[in-house]
Every structure is written in C-alpha cells, then in structure tokens.
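Structure record follows, encoded as structure tokens.
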Amino acid sequence: MSFALARSHDAPQASINVTPLIDVMLALVVVFMIAAPILVKRLTLPLAGGHENVAVAEDVRLGIGADGALTWNDQALLPQMLREQLRILALKQPQPALRIEVAPSARYQSFASVLADAKLASIERISVLDESSR
C-alpha cells in the first residue's frame, strides 16, 4: 500500500465553505419577501374612546339536573319554554354567553337536546361547566 505524504512546500488551501452563507441569505430573502408587503400597507384602526359606555351582557346560566329538569338563572324552566328563552337571548345585543351547568348524573340526551336548541337559536357563545368550575 502506498500513502501520499504531505509535502511541506505545498501551500495550504484557502477556501471558504459558502453553503451556510447561502442558506442564511435565502432565509433573509424569504423573511423580507413576507415582511415587505406588511410594512408597506398601512392599517387605520379605529381607537376605542374611553368615554363611551360599553354594555356588558351578564352571562345566562342554564342548569340541567339529574332528572332532566331545566333551570334558567336558578329559576325553574319548562322544557317547552327553552327554545323561546334561547331565541330571546339570541336577539340581545351584545349577546350574553350561555353557561350550561350539567349535573354529573344527567342523561346525555338532555344535554344534547339543549345544545341542539342553542344551535337552532344561533347562540354564539356557549360554555359548559363541570363541578370544579361552579
């Protein structure tokens, strides 16, 4: 076997690896291509004045008991009146959030029918509470 020995009279090779430099440059080009249209376009947003009274709607609590009984803000509610109450709630501006409190032993069918009625009434904000968040 023969091996090539380094000769002392050869000058060291002076070259630079440009691959990382090209990668960084391409990344910067992509960033500027994305950022340039955002910087050019001016957005004028209306600022909220501190003097205006903003109406805050109080949340509505709808309870579903273990036997399927309904309560509306701690008042008993007949199942036939639920759709009418949800329709009235949907018409309010701003629309309050509907907070559904379900008893742990309540049937799923009761909960599913309440959700379906809320969807039909176009309720926008619905939250379901468990025992820990009451």
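Every read-out reported here was derived from the displayed coordinates using simple, explicitly stated rules and does not represent laboratory data. Note that the structure is a prediction, hence the values are computed from the model and not measured. Backbone-built Cβ (ideal geometry, glycine too); neighbour counts: all protein chains shown.
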Hey, what did region 60-133 get for relative contact order, percent, Cα under 8 Å, at least 6 apart? 37
Once both label points are put 7 Å beyond Cα along the C-beta direction, the Ala116-Ile34 separation in nm becomes 4.5
Ranked on Cβ counts within 10 Å of their own Cβ, fewest leading, Phe111, Phe32 go Phe32, Phe111
Here the Kirkwood hydrodynamic radius of region 60-133, Cα-based and in Å, equals 12.2
For Ile100, what residues show an amide H to amide H distance below 5 Å, using hydrogens built from the backbone and excluding near sequence neighbours? Leu62, Ser127, Val128, Leu129
Where both partners of a DSSP beta bridge lie in region 60-133, what percent of those bridges are antiparallel, to the nearest 5? 40
Using θ = phi - 60° and Karplus 6.51 cos²θ - 1.76 cosθ + 1.60, couplings along region 119-127 (whole Hz; Gly, Pro as x): 5, 4, 7, 6, 6, 8, 10, 10, 10
